[in-house]
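Take a look at the structure set out below.
The values are calculated or read from the model by the stated rules, or taken from the named source; none is laboratory data. Model, not experiment: these values are computed from the prediction. Reconstructed Cβ throughout: ideal geometry from the backbone, glycine too, with neighbour counts over all protein chains shown.
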């Protein structure tokens, strides 16, 4: 069995080694982070597309795809995301995917008066 110091060291090393792989899937490189976009619309669909949650949001007649960070990252986020339903108002603040102007990765969203920070 490892001592406390060895266990802490092992956890720290695993975090350093695994963090880049975890961030690679949901990284920022494909998004234009030089410009923040705010979308305020009505939810038309909400789907868990493992590992991401995808929201179809109608904003002034235009349908947007809004990606939320994986709900599994925290119980609070998962609980809040699970309450989003068709017909709800949602405000998403984030960044547009390069080459796909109708696709937004949310850094935060507001639903039912509560703002959840995702990034």
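Restricting attention to region 71-97, the residues that are over 24 Å from residue 61 (Cβ atoms), touching a strand residue (DSSP E or B) at 6+ places or on another chain (Cβ under 8 Å) and assigned to a loop (DSSP other than H, G, I, E, B) add up to 1. Selection of region 31-55 for residues being closer than 10 Å to residue 94 by Cβ and modelled with pLDDT of 95 or more yields 36, 37, 38, 39. Exactly one residue out of 69, 119, 106 is touching a residue at least 40 places away in the same chain (Cβ under 8 Å), loosely packed, with under 14 Cβ neighbours inside 10 Å, under 10 Å from the mean Cα position of the chain (by Cα) and under 22 Å from residue 29 (Cβ atoms), and it is 119.
Remark: pairs (first residue in region 78-91, free of Cβ contacts under 8 Å to residues at least 12 places away in the same chain; second residue surrounded by 15 or more Cβ atoms within 10 Å (Cβ to Cβ) and assigned to a helix (DSSP H, G or I); Cβ separation under 9 Å; 6+ apart in sequence or on different chains) = 78/71; 79/71; 82/71.
Applying the criterion of being over 16 Å from residue 45 (Cβ atoms) and touching a helix residue (DSSP H, G or I) at 6+ places or on another chain (Cβ under 7 Å) to the residues of region 81-117, the residue that is modelled with the highest pLDDT is 114. Within the set of pairs 6 or more residues apart or between chains, which connect a residue that is exposed (fewer than 12 other Cβ atoms within 10 Å of the Cβ) inside region 22-40 to a residue that is assigned to a strand (DSSP E or B) and modelled with pLDDT under 85 with Cβ atoms less than 9 Å apart? As it stands, the answer is 25/52, since those pairs meet every condition given.
In the set 60, 98, 49, only one residue is surrounded by fewer than 13 Cβ atoms within 10 Å (Cβ to Cβ) and under 17 Å from residue 31 (Cα atoms); that residue is 98. Take the conditions touching a helix residue (DSSP H, G or I) at 6+ places or on another chain (Cβ under 6 Å), modelled with pLDDT of 55 or more and more than 19 Å from residue 101 (Cβ to Cβ) and apply them to residue 78. Does it pass? In short, yes.
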